[in-house]
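What follows is calculated from the coordinates using simple rules that are stated; it is not laboratory data. Keep in mind the model is a prediction, meaning the values are calculated, not measured. Note that each Cβ is placed from the backbone with ideal geometry, even for glycine, and that neighbours are counted across all protein chains shown.
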Amino acid sequence: MTITPYEVEGEVDYNKAVKEFGASIIDHKLKTKLAGIRLIDKEIFFAHRDLDNILKKDFAIVSGRGPSEKLTLAHLQIFKFVKEMQDKFGCRVFIPFSDDEKFLFKPELSLEDAKKLAYENALDIIALGFDPKKTEIIIDFENMNQELYNLAIKCSKTMTYSTVKSAFGFKDDKNIGIGFYPAMQIAHILYPTLKYKVPSLVVVGIDQDVFIKLARDVAYKLKMPKPGDILSKFMPGLQGTVKMSASDPLSAIYTSDSAKEIEYKMKRAFSGGQKTIEEHRKLGGNPDVDVCYQYLNLFLEEDDKKLKQIHDDYKSGKMLTSELKEYTIKKLQKFMAEHQRKREKAKKELNDFLVKSSNK
């Protein structure tokens, strides 16, 4: 599924998308319940299905990963959101890696490379500090268990091929694995409900909403509680694009980037400043479109007073684009160095998450 119908001159009409999808905007009451979770406060997560009801009882979060590339800063922040939800509500977290899906969809990707990317991505996620007693990782090619596979088969029996083709726009030239895979994705979503008898809350980008709608239909047919979801907006790319793309190195910051690579990319990031220093001092910059400011706002600057000062100084022209970039680069380099240190430590912890998922 694509978000293209909701894009206007490079911007996404999120309100129109929500209306078309049949979801609900996160209101003030829900925001209060989720207060302190950064991407809620920043309104990156902005819409939902059944979130109000799910928060009233025990639930599990499902947030999967399709490992076709290295993890980006945007991906990392989504999983950081999941970690903050786990901390706040004490919920279980289920992280399925659909390396099998990426193998089916990308002709150039070997099975071995798909598995390797899944493991590399898993280290980045574990490095965020998830509770191993309440977090389960399943890498489909590696430790999918029989129970999950059986659920996928049950899901597949409730859907016709015409439904899948219509939902995803599949053509007849696709391999037959692609036609089956939505059943596997839905099994990922419903698995915590089967295993722990609690509803699933799926953390997902708005462009993946179609999976949730299908999963809710399948759950009804299997007489299981319907999953809810919480929908996110796109994270901005380095070039000022709507979405950070993992397949475009100039659009994304990767979790593996060195300090030099971060500096190189951020110096070339889209700016909201004026063409000359004189014009900037006179007219000021636009922090709302400046990538450096957006990354400070969403990811990096924890001091709200400092963030407001940067916003006001840049907008007034007191702070130059070069100064804003320099400040952001240092913050991002420090953030990523710390993450990479934790990632190395995660290599010793990986088995704690995988073994539990495979019921060994």
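Computed quantities for the displayed model
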{"quantity": "Size descriptor, Kirkwood hydrodynamic radius, that averages inverse alpha-carbon separations across segment 259-343, Å", "calculated": "13.0"}
{"quantity": "Shape box of the chain [Cα atoms, principal axes, largest first, Å]", "calculated": "66, 45, 45"}
{"quantity": "Hydrodynamic radius (Kirkwood) for segment 92-168, which is based on Cα pairs only, to one decimal in Å", "calculated": "14.3"}
{"quantity": "Compactness relative to 2.2 N^0.38 Å, alpha carbon Rg of segment 180-234", "calculated": "1.06"}
{"quantity": "Positive dipole terminus of the chain, leading residue within 12, 126, 234 (C-beta point charges)", "calculated": "126"}
{"quantity": "Beta bridges per DSSP with both ends in the chain, % antiparallel, nearest 5", "calculated": "35"}
{"quantity": "Order of 173, 140, 352 - criterion: other Cβ atoms within 10 Å of each residue's Cβ, fewest first", "calculated": "173, 352, 140"}
{"quantity": "Quotient of C-alpha Rg and 2.2 N^0.38 Å, computed over segment 198-345", "calculated": "1.33"}
{"quantity": "Å³ per residue enclosed by the Cα convex hull of segment 43-89", "calculated": "98"}
{"quantity": "Furthest towards positive pole of dipole, 61, 277, 291, structure part the chain, Cβ charges", "calculated": "61"}
